[in-house]
Each structure stands twice: as C-alpha cells, then as structure tokens.
Amino acid sequence: MRVSVLVTAYEHQAYVGRAIEGVLQQTGVPFELIVGDDCSSDDTRSVVADLARRHPDTVRVHFPDTNRGRGGKVLFSDLVGLSRGEYIAGLDGDDYWNSPEKLRTQVAHLDRHPECAMVFHNVIRTFEDDARPDELYLTPTPARRLGWQDLLRSNPVPACSPLFRREVLDPLPPWYFELPWGDWPLYFLAAQHGEIDYLPGVWGVFRFHGRGLYSGLPDVARRRSEVEFFRRLEGVLPPAVEADRRRRLALALSRLAAAHLALGERRAARTALADSFRVWPPDPRRLRRGEGERARLYRWARTRLPFPLPAVDDRRATPRADPRPTGRGTAARTRSPR
C-alpha cells in the first residue's frame, strides 16, 4: 500500500462526510482510508459507518469504546498502528481536500527526493461563523524547504496538507503525547528524519469555525497552551536550536501577558512578563519591528515591573546556525526533534 490516509473525527457530524469524500476522489496512487471517531456525542459515527458500508474495499473504521483523550493524539496514534502505507497523510474530520491530484503529486515528490521526510502545500482557510472572506492559509508563498527556525517561529504547515514517510510517525515518541497541539509536534519529528519541502499547490480547505480544539479557546487559554508547548520542548530539540526555543518561549510569555492586560489583569501580566525576561533578558539587538522585543518592553512599561532587567548574555543566548539533519538513506536519525 502506497498511502494510508488517517481521518480523526470528534463532533464532526456536519463535516466528516465532506472530508471522506475528498479522500475517496484521490486518483493515481493506491491508498487506504482509516477513519477514527473519539466517542463523539453527535452522529459522527453514523455518517462514517454509512460511508464505510458504501466503500468497503477502501474505508476502515476505528470506533473506541471511550474517548482516547490527549486532544486526539492517542486516537491518531491508534490509526498509525492500524495503517499499512509507505506514506501517511492525516486529516481532521472538519477539513477536506479539494483536488484529486493531491496525494499523487505529493507521492511523486517523495519518490523523487529520498532526503525529504515530509511534503506539504497551501490550503484555503474558510471562516464559517462570520462574513470574513476565504483566504490562503500561507501567504506570501513560503520557502520551498523549511528549517528548524521556520518551525519554531510559528506553525507554518496547514494541518490538512502534509504527507509523511511512515518512519516519521511510526512509532510516535512519548514526548509527542505530552505537548499541546496535535499537528505542530509532528513537523519537528519530520525535521529529525530529513527535509521538509513545500509544493506550490492549493489542494485543501481548512475550516475555521471557532469550535475547534484550540481555535475555540479564549485568548488567555490559547496563550497558556502556547507557553506550555515551548516549555515542554526543552530537551526535545537539538542543542543547536535551544537558544531559539528559549526566545520563542519568552515571546509566548509576552503574548500571554498581552492577553492578561486586555482583560485588565495587571498582576497576572506582570508574572508572565517577569518569566519572559528571566527566560530571555532584554535584547537591544532585536528592536526592529516584527522581532517582538519592542512589544515586550512596552508591556513591561505598562505593568511597571519592579525588578532590574539584566542585559542579554551573548554567550548563552545567541542562536547558532540552523542545523541540518544528516545521515544515511532517507533520513537523519537524531533522536531529538521540532
């Protein structure tokens, strides 16, 4: 089997049929489709079961008796274990693919580039709960090949777009289950195993409806999740990008402070900013717009932090060059990743 497509669904009755139909329309490459439902309270399972009956040679289902938890990570791991494909594509039950050429094009790229561990593409982001028009998820067009700094700066990969080599995901390491966000950690895993390439196509649709696992959270909760994400990456990433991780953690703490300030929670904002400056002291070299340093200092002034701020230590905090995994065959097997 060339490709295993793994659809994870939870409370997706209104969407999952479109997700499955988009997979079934794929052409030019053999694939299997495994759909898992994490004990939805709506009729998600009925929709999935009906489509599985209509396509018994292609669609398999996985219906656990209890919710597997961890934001869908355990369910996704179950599906990886059940799959047989040389390559693996994941898809949330509320997103869908809009091109029958998606899998064929991505498989062809991975076949031609054994150094590549994962390939992704652009998608359309559609907003269902307001009048905001559809837009491209990635714009301007990203670099054709992502490095560690790209992955740390933000999550640069639409969740419904990647195709992975099986060895990236099978098995999933224990640290993956401890991190917030289900898809972002997978891209750090891919970077451990090889290169990450972008293909200039628009072959999927990401639904933004405010009821997603993270999109539906209040701003403070999302920012806390972001802080937790960068904290838990400690010891997971290669040592050469540890300074970049700490700076991203400091900026995440600053954004958490901004969320508290928006609610008038000055004391909580002070605490978050104090942590931010302990993680990464004020850095006068990063005062250009877009670096995040001016925003940190502005928030510090608003909260009147009562402690002296040390200057940045170049020896401890200067990021090193972007490391490239090296190794034999398709991938570098560094055991620490994203």
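Looking at Gly93, Gly147 in this structure, which one is farther than 21 Å from Phe206 by Cα and of a type outside the set (D, E, K, R)?
Step by step, each of Gly93, Gly147 is checked, and only Gly147 is farther than 21 Å from Phe206 by Cα and of a type outside the set (D, E, K, R).
What do you reckon, is Phe120 touching a residue at least 12 places away in the same chain (Cβ under 8 Å), surrounded by 17 or more Cβ atoms within 10 Å (Cβ to Cβ) and of a type in the set (Phe, Trp, Tyr)?
yes
Could you check, for region 43-65, whether at least one of its residues is within 29 Å of Phe229 (Cβ to Cβ), hydroxyl-bearing (Ser, Thr, Tyr), outside any helix (DSSP H, G or I) and without any contact (Cβ under 8 Å) to a residue 40 or more places away in the chain?
no
Out of (1) farther than 12 Å from Ala9 by Cβ; (2) outside any helix (DSSP H, G or I), the odd one out for Gly81 is which?
That leaves (2) as the condition not met.
Identify all residues within region 161-210 that are basic (Lys, Arg) and within 26 Å of His12 (Cα to Cα); write none if there are none.
The one that is basic (Lys, Arg) and within 26 Å of His12 (Cα to Cα): Arg207.
Count, please, the residues in region 14-42 that happen to be part of a loop (DSSP other than H, G, I, E, B) and of a type outside the set (S, T, N, Q).
Qualifying residue count for the region: 8.
From Trp148, Trp97, which residue is more than 15 Å from the chain's Cα centre (by Cα) and over 19 Å from Leu75 (Cβ atoms)?
When all the criteria are applied, what remains is Trp97.
Select, from Trp184, Trp203, the only residue that is within 18 Å of Leu91 (Cβ to Cβ), in contact with a strand residue (DSSP E or B) (Cβ under 8 Å, 6 or more places away or on another chain) and assigned by TED's automatic domain parsing to the domain that holds Asp38. Quick ask: steps written out before the conclusion?
Numbers: Trp184 fails: in contact with a strand residue (DSSP E or B) (Cβ under 8 Å, 6 or more places away or on another chain).
Answer to the selection: Trp203.
Suppose the filter is buried (at least 16 other Cβ atoms within 10 Å of the Cβ) and either in contact with a Lys or Arg (Cβ under 9 Å, 6 or more places away or on another chain) or under 21 Å from Gln26 (Cβ atoms) (or both); does Leu172 pass it?
When the stated conditions are applied, Leu172 passes them.
Quick one: which of Pro156, Pro114 is in contact with a helix residue (DSSP H, G or I) (Cβ under 9 Å, 6 or more places away or on another chain) and in contact (Cβ under 8 Å) with a residue 12 or more places away in the chain?
Pro156
Got a sec? Which of Val35, Val16, Val3 is touching a residue at least 12 places away in the same chain (Cβ under 8 Å), β-branched (Val, Ile, Thr) and within 19 Å of His209 (Cβ to Cβ)?
Being touching a residue at least 12 places away in the same chain (Cβ under 8 Å), β-branched (Val, Ile, Thr) and within 19 Å of His209 (Cβ to Cβ) holds for just one of Val35, Val16, Val3, which is Val16.
Looking at Leu82 and the list (1) more than 21 Å from the chain's Cα centre (by Cα); (2) buried (at least 23 other Cβ atoms within 10 Å of the Cβ), which single condition is not satisfied?
With respect to (1) more than 21 Å from the chain's Cα centre (by Cα); (2) buried (at least 23 other Cβ atoms within 10 Å of the Cβ), Leu82 is out only on (2).
Any chance you could count how many residues in region 102-113 are in contact with a Phe, Trp or Tyr (Cβ under 7 Å, 6 or more places away or on another chain) and of a type outside the set (Val, Ile, Thr)?
Matching residues across region 102-113 total 3.
The values are calculated or read from the model by the stated rules, or taken from the named source; none is laboratory data. Predicted model, so just to flag it, every value in this text is computed and none were measured. Every residue, glycine among them, receives a Cβ derived from its backbone with ideal geometry; neighbour counts consider all protein chains shown.
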